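Below is one structure; the comments refer to it alone.
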Amino acid sequence: MKTNKYRMLQLLGSVIIHAFLMVAAITCLFPLFWMFRSSLMSLDTIFTDKSIIPAVINFNNYVTAWIEGGFGIYLWNSILYTVVVVTGIVIISSLAAFAFSRLEFPGKNFFFIMFLAAMMIPLPGGFVPLYVLMTKLGLANTRIGYILCMINVGLSMSIILLKTFFDKMPTDLEDAARIDGCSKLRIWWHVGLPLTKPAIVVIIIFNSLNVWNEYILAQLLLNENSLMPLQTGLMKFQGSHSVDYPVLMAGLTIAAVPIIFVFLAMQKHSLKGIITGATVG
Amino acid sequence: MSNALVKQKSSLFHDNLTSFLFIVPAVMIFSVFYIYPFCDIFKLSLHEWNGIDLQKQFVGFDNFFELINDNDWWGSLWHAGFITLVALTFQNLLAFALAFACDRELKMKNFYRVVFFIPPVLSEVVVGLIWTWILYSGTQSAEHIGLLNYFLDKIHLQHLINNWLSNPKTALPCIAIVHSWKGFGWGFIMFLAGLQTIDRQLYEAAKVDGAGYWGMLTNVTLPMMTPVICVVVILTILGSMQAFVLIISMMGNGLADYTSVPVTQILDAMVGSKRFGYACAQGVSFGLILIMISFSVKIVSDKLKKI
Amino acid sequence: MELSIKKVLIILLLTLVCLGCAKKQKDTNTVTLWHWMTDREEVLQELAKRYEEQTGIKIKIDLYAPSDSYTRKVIASAQAKVLPDIFGILDKKEVFAAFIKNGFVSELTSEFAKNNSEWEKSLFPKALDINRFEEDNVYGVKPGIYGVPLDITNIQMLYNKKLLKKAGFDRPPKTFDEFLVMIGALKRIGITGFVSGWGELWLADCFASNYAFNIMGEEKIMATYRGEVPYTDPDWIKVFEVFETLKNKGALIDGIVTKVNKFAEQDFALERAAFAFNGSWCVNVYQKMNPDLDYAPMIPPPISLDFPMKIWGAAGSSFVVNNSTPNKNKAIAFLKWLTAEEQQTFLSGETKNLPANRKALLSIPKVLSDFAKVSDQTTHPTIWKYNEAVLVTDKFDKGIQSIIIGDKTPRQVAQEVQDLKQKVIEKENRRKKIQ
């Protein structure tokens, strides 16, 4: 008798938990799904037809959005920026984090606190001095200028995350390498990086998102259409197609899909990294 | 000095130098793109400037004094605080509950991990647009256009139908909820990861001691999760206080008195009223407030760890 | 070779330097133009192409949207001294004056005066007035013309003929009371009365300004801006009460205070409301959304007989020329070409906006000409002798929103605005004492 009751409770508990998770999952997916479904409709039906699957499906909107939005070059730029910036951040922050964690040099604490503080003090509106500086350095309206700027944006958080990860790294491998006479750089490359792979995956995801969804800095620093990333194209697209909802939705979907794929590809590795990064505290 | 000592000193110097070189790229980029604008902002906060004139007018701490009396500024801080509070409670509790629910040998665990992380992946512009449509209030030939109102109408809960984004009482809560919707994925993943590192044996030991579900939660789970919770709390606070793209995307300039946040105030002061000095003063004080909050959280969590 | 950090860094640095040394030649055969009008991008690009075919000079046109981003970019570029050859200033006259005084904008008076003022005479005087600084202007700018108008717009009310007929009316209201009667009748048959993009403060400000002119006349308004008449004056309370009345009669569409103009345009085009308050650029929007829409413009129904109702007009989009560019003459030549009859007719036809060129007015689409009929009733903040401080206008407009959502009464708002006005005046006086 007791076992049956116990089993019933267990089953009930299980059902409730599953229901809870399912509802949450639906609320996450629904807006995305709605956006996609709207992009398949046409202007006259989009507000009145409330069915989940529209009666008439047409993919024309995507073609229109692609051509009119000029998304081709924007997509290429976004991919370029994301890849280069994330690579840059990974290298630079892991070098610095390794040093903060494992090496000794004067001023170490000072610089680390600087990066810590940077994470907390935002710079909205620093755009005028930034722009003037970039122009003086000849970096305004260049790809490399925008890339360097974006590297800076993700730097503090990445350094801090990686440092704490390095802190937890076992020293035996490292000591062995040092005894073997490896230079510090070699140690970083052969020992440090592989051991911190999970954290690096987290940094990749986090910074890819930031770069992909960024548009404010891009609009400010870049003048040429050929250098613009996807989100800026989307802003212009929004303005010119504010009344053409289906095409707008198609454009939004185009802008959102690639990053979802990147995330899906990386998500397998991400969990471990977040574990250790989180247990830092 | 003996030869050995000299050699030691020079190799120590050499050692330090190569170590230092590791942080050089980061420091260089940081100095150029952060330190320099930051110093400029600090300087600007002591001036009155419209962004166009080639000369700025020095006013000392006048901007800061004015800031103290600026009701709109404090209002915006309160709004950001409200969003943060909702994020800390609703968003993180939800994330924790979901992570807790997922923290067992669940078949669909991977599916949930992916799905819950989709909102954070979307850009705020997209999220704002979609939710504005869902929360749209208005009718076309007696039929509701916004999905929420339409849904409420269909299930005969008409008295709940509202001007969601135009009603000052509901506008900010709606924004806070959408913000939480977008953000809980991060919390979920971090909590799940943290939960999974807790040694199962601790749970076994607690069961042996006669602890029920509640006992296990308070004696094993929560204490072990304190560091994770602390990190999530700090990141949530920093992220929510600085949110603004979502608000611009959902509200335009409407109801600014009820939905403004510090960053929108700063941008308004710059681009709208053209008072760069004042905006920089706002920026500096905002930064200080954030630092104070972060440090307080850290201190509290350190104290908790000792318990 | 031992891989050391030093060597790696040196390599990195070298690559950076090489990349950064991208050659920066300024193409003197290209004129750069920055604008913010998403709906006109295609047309402008087409015109640039035509110009290049005709003259061989390349025009590089760049769009930055939304307009906030555009303003940010212009300000940052001004400080960095990299403004384009042609750009626009989307702001109050005070800001325009600041740009001029700091040497960012060319004075074009002499160009307009050439050949017996040929260029000046070809354009509507009201359009030019927006870009003109009069003698004894309060901004301290040397009198003259500093910008070139591209087109003209004015902001009026619109009414949906079909919906009005449904309620039993076959002509638009001539007075405010008639308007309220019609609103009531429309409400009874389930049609929303009025829609406007009052989520954008300036549009609500415009409506209030129109009624202010009607209630108290220009002189008193200017006196208020000078600080001689308080906002708690009964006439100003009447202006606020206009909004209160509209709210009480249920005339306003749901969510009007967070509605941006593009959604308001959608509402009117999709016949969700019988009346709208919008600018003449709406002709293009409505046509795209609903070509069968049966509507016409009307001036806001006056509430008082003491002073004439005025609408904001002759404001369109204008371009200025960068004062420090070597391409100044080429830029001016392009702007002259843009405002010539042929191009203006093309622009007008494509974008459904009123042309700045007088001759082009003869060939505009019919529905636009209704908008053009009221040009003598137009006014605009940029041609007024005085303007209110931005902070006060902001408070005023937000106060209107509060009245509409029922949060504050007209008297409360008037008091708050006046309190702020006092503070602003005091600050001004303190500053004047120091100088």
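The values are calculated or read from the model by the stated rules, or taken from the named source; none is laboratory data. This is a predicted model, so every value here is computed, not measured. No Cβ is skipped: glycine too gets one built from the backbone with ideal geometry, and neighbour counts run over all protein chains shown.
Things to note:
- Taking region B:238-253 as the range and being within 18 Å of residue B:291 (Cα to Cα) and either modelled with pLDDT under 75 or more than 12 Å from chain A (Cβ to nearest Cβ) (or both) as the test, only B:240 passes.
- Contacts under 6 angstrom Cβ, first residue in region C:246-274 being under 19 Å from residue C:405 (Cα atoms) and within 10 Å of chain B (Cβ to nearest Cβ), partner among the charged types (D, E, K, R) and assigned to a loop (DSSP other than H, G, I, E, B), 6 or more apart: C:260/C:200; C:261/C:200
- Test: residue in region A:106-124 that is more than 7 Å from every other protein chain (Cβ to nearest Cβ), surrounded by 18 or more Cβ atoms within 10 Å (Cβ to Cβ) and either in contact (Cβ under 8 Å) with a residue 60 or more places away in the chain or in contact with a strand residue (DSSP E or B) (Cβ under 8 Å, 6 or more places away or on another chain) (or both): no
- One residue stands out in region A:198-243 among those that are outside any helix (DSSP H, G or I), more than 15 Å from residue A:74 (Cα to Cα) and of a type outside the set (A, V, I, L, M, F, W, C): the one that is farthest from the other protein chains (Cβ to nearest Cβ), namely A:241.
- Only listed residue being surrounded by fewer than 24 Cβ atoms within 10 Å (Cβ to Cβ), within 14 Å of chain A (Cβ to nearest Cβ) and either without any contact (Cβ under 8 Å) to a residue 24 or more places away in the chain or at positive phi (or both), chosen from B:217, B:222, B:235: B:222
Table: residues versus (1) under 25 Å from residue C:324 (Cα atoms); (2) at pLDDT 90 or above.
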site: C:113; (1), (2): yes, no
site: C:124; (1), (2): no, no
site: C:128; (1), (2): yes, no
site: C:148; (1), (2): yes, yes
site: C:151; (1), (2): no, no
site: C:163; (1), (2): no, yes
site: C:181; (1), (2): no, yes
site: C:204; (1), (2): no, yes
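- Flag if residue C:361 is modelled with pLDDT under 80 and surrounded by 16 or more Cβ atoms within 10 Å (Cβ to Cβ): yes
- So residue B:163, is it in a loop (DSSP other than H, G, I, E, B), within 14 Å of chain C (Cβ to nearest Cβ) and over 24 Å from the mean Cα position of the chain (by Cα): yes
- Qualifying residue in region C:280-287 (condition: crowded, with 23+ Cβ neighbours inside 10 Å, assigned to a loop (DSSP other than H, G, I, E, B) and at pLDDT 85 or above): yes
- Checked against (1) part of a helix (DSSP H, G or I); (2) at the interface with chain C (Cβ under 10 Å from one of its Cβ atoms), residue B:150 passes all but a single condition, namely (2).
- Whichever residue in region A:254-263 is facing another protein chain (nearest Cβ under 9 Å) and over 27 Å from residue C:73 (Cα atoms) and, among such residues, is surrounded by the most Cβ atoms within 10 Å (Cβ to Cβ): A:259
- Residues considered: C:408, C:427, C:395, C:423. Of these, the only one that is within 29 Å of residue C:239 (Cβ to Cβ), part of a loop (DSSP other than H, G, I, E, B) and out of contact with any Cys (no Cβ under 9 Å at 6 or more places or on another chain) is C:408.
Every residue, every condition in (1) within 14 Å of chain C (Cβ to nearest Cβ); (2) touching a helix residue (DSSP H, G or I) at 6+ places or on another chain (Cβ under 6 Å); (3) under 23 Å from residue C:198 (Cα atoms), yes or no:
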{"position": "B:133", "(1), (2), (3)": "yes, no, yes"}
{"position": "B:159", "(1), (2), (3)": "no, no, no"}
{"position": "B:167", "(1), (2), (3)": "yes, no, yes"}
{"position": "B:185", "(1), (2), (3)": "no, yes, no"}
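- Pair list, Cβ under 8 Å, 6 or more apart: region B:107-118 residue more than 7 Å from every other protein chain (Cβ to nearest Cβ), other residue surrounded by fewer than 20 Cβ atoms within 10 Å (Cβ to Cβ) and hydrophobic (A, V, I, L, M, F, W, C): B:111/A:25
- Residue check, residue B:56 within 30 Å of residue A:265 (Cβ to Cβ), among the basic types (Lys, Arg) and more than 25 Å from the chain's Cα centre (by Cα): no
- Residue B:92 vs. criteria of a type outside the set (Lys, Arg), within 30 Å of residue B:266 (Cβ to Cβ) and within 14 Å of chain C (Cβ to nearest Cβ): no
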